[in-house]
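Below: one structure, written as structure tokens.
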Amino acid sequence: MQKEIVSYCISDVNILTLACIKFRQLLIKSGNVCPYTEAYTIASSCNKLFRRNFLKADTIGLIPRQGYRYRDNQSKVAIQWLLWEEKVRKINIVHAAKQQEIVLGGLPVDGYCAETNQIFEMMGCFYHGCVKCFKNDRDKPIRKHLVKINHLRELGYEVVVKWECEFNKDKDSDVRKYVSEHPLAHFTPLNARDSFYGGRTGNIKSYYKVKEGEKINYIDICSLYPWVCKYGKFPIGHPKVLVGEDCLKLDLTQMEGIIKCKVLPPQNLFHPVLPIKLNNKLMFPLCYSCAKGFTQEECHHVIEDRAFVGTWVVDEIVKAWQMIIKL
């Protein structure tokens, strides 16, 4: 008996070895991919084969390491000033809060308006050597920046310069209110990975007694992920970034993408739509404050305490809108 067991095991290993060798040969022949040296799962092997043989160049947009907004270090006060200049001048200024700093004449600039050919430079008092705020050790930094400004003006640009101390002095109640409420000055940039919430399971009812004439059906959904990969939608290329007031006139039913926004769910949904990650848990709340405090009682929170900010695929927001969730 023991001899037969050993013989069976040896035969089993030999068959598996031959199968693995044949599988490797077929995959190399059909897709030029070795499943043992280049990948370790069927999924990764298929992914490698697809990318190597079928994916066209410049189809998938690789998200920049720093994202699409705030890719360059820019002070908070500089963003506030640029936002106020946009409002006062009624123009569109490209700056780091929207995407990345524009490079003109080989030099990065804080803000640029193509329509007016204007460059906007915020001079931080400490880093640029303000003569009013710093009497000593300021010559080198200010000289370097003046050379930059003169170079840009020689190229034909109108350069608008503002010192940090002057802007802080000019801030009246209107300016402070505007910049304090502007979404670009406070909300962190959208991170596409924040829209991934992973799989979830939920036990809606632990026990149900069947009534006369009723039937209980058992549904097992298999291979949902590969089905979505085959028949679902995938984004290609790089996105168009819209922020703040640019989003007000959007028709979400006619677009694809990812959105970060503040939502106010209704209080009467049995199955909430939008998930958030809170207290290291995946939740589908109808009230942010109740979810945060694990409240089990009736909700009496005001609107400001119930609403929450999150990142979701546009399709989820459209569904939420159909369920009367207010954006």
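Every read-out reported here was derived from the displayed coordinates using simple, explicitly stated rules and does not represent laboratory data. Worth saying up front: this structure is predicted, and the values here are computed from it rather than measured. As a convention, Cβ positions derive from the backbone with ideal geometry for all residues, glycine included, and neighbour counts pool all protein chains shown.
The dipole here belongs to the chain: it is taken about the Cα centre, uses +1 on the Cβ of Lys and Arg and -1 on the Cβ of Asp and Glu, and is about 740 debye. Each Lys and Arg contributes +1 and each Asp and Glu -1, all at the Cβ; summed about the Cα centre of segment 7-53, the dipole is approximately 260 debye. Label-to-label distance for Val302 and Ser180 is 1.6 nm, based on points extended 7 Å past Cα in the beta-carbon direction.
Pairs of Cα atoms nearer than 8 Å and 6+ residues apart set the relative contact order; for the chain it is 13 percent. Considering only Cys247, Cys222, Cys133, give the residue with the highest GNM mean-square fluctuation for the chain, with springs between Cα atoms whenever their separation is below 10 Å. Between Cys247, Cys222, Cys133, it is Cys222 that shows the largest mean-square fluctuation.
Within segment 245-319, the GluC sites (Glu not before Pro) that combine a DSSP coil assignment with at most 13 other C-beta atoms in a 10 angstrom radius are Glu256, Glu297, Glu298.
Projecting the Cα atoms of Trp81, Tyr157, Val94 onto the dipole axis of segment 76-185, where Lys and Arg carry +1 and Asp and Glu carry -1 at the beta carbon, places Trp81 farthest toward the positive end.
Mean residue ellipticity, 222 nm, helices only, the chain: the sum of -39500 (n - 2.57) across DSSP H runs of n ≥ 4, divided by residue count and rounded to 500, is -11000 deg cm²/dmol. For Met123, the residues 5 or more places off, or on other chains, whose built amide H falls under 5 Å of its own are Lys162, Trp163, Glu164. Here is the link list: Lys56/Lys260; Lys233/Lys262; Lys76/Lys171. Which ones come out longer than 18 Å on Cα distance? Correct reply: Lys56/Lys260; Lys233/Lys262. Here segment 76-185 was treated as a single set of alpha-carbon atoms; its pair distances binned every 10 Å from 0 give 14, 44, 34, 8 percent. For Phe308, the residues whose amide H sits under 5 Å from its own are Val263, ignoring neighbours fewer than 5 places away on the same chain, with H placed 1.01 Å from N.
Put in order of Cβ neighbour count within 10 Å, fewest first, the listed residues Glu4, Glu158, Glu85, Glu212 become Glu212, Glu4, Glu158, Glu85.
Setting aside same-chain residues fewer than 8 positions from Lys205, which lysines have a Cα under 26 Å from its Cα? Partners within reach: Lys215, Lys277, Lys281, Lys292, Lys319. Sorting the Cα pairs of segment 125-184 by distance into bins of 10 Å, from 0 upward, gives 19, 35, 31, 15 percent per bin. Using the Cβ-Cβ distance between Ile236 and Lys319 with R0 = 22 Å, the FRET efficiency computed as 1/(1 + (r/R0)^6) comes to roughly 0.45. Length gained on full extension, Thr116 to Glu4, computed as 0.36 nm times the residue gap minus the Cα-Cα distance: 31.5 nm. Of the options (1) 29.0, 97; (2) 22.7, 73; (3) 21.8, 74, only one is Rg and Dmax of the Cα atoms in Å as computed from these coordinates, and that is (1). Overall, segment 13-97 carries a charge dipole of about 120 debye about its Cα centre when +1 sits on the Cβ of Lys and Arg and -1 on the Cβ of Asp and Glu, all other atoms neutral. The gain in end-to-end length when the Glu245 to Val210 segment is fully stretched comes to 7.3 nm, 0.36 nm per residue minus the alpha carbon separation.
Expressed as an acute angle from 0 to 90° and rounded to the nearest 10, what is the orientation of the C-alpha long axis of helix 42-53 relative to the principal long axis of the chain? Helix 42-53 and the main axis of the chain meet at about 60 degrees.
Averaging the sequence gap over all C-alpha pairs within less than 8 Å and six or more residues apart, then dividing by the number of residues, gives segment 7-53 a relative contact order of 24 percent.
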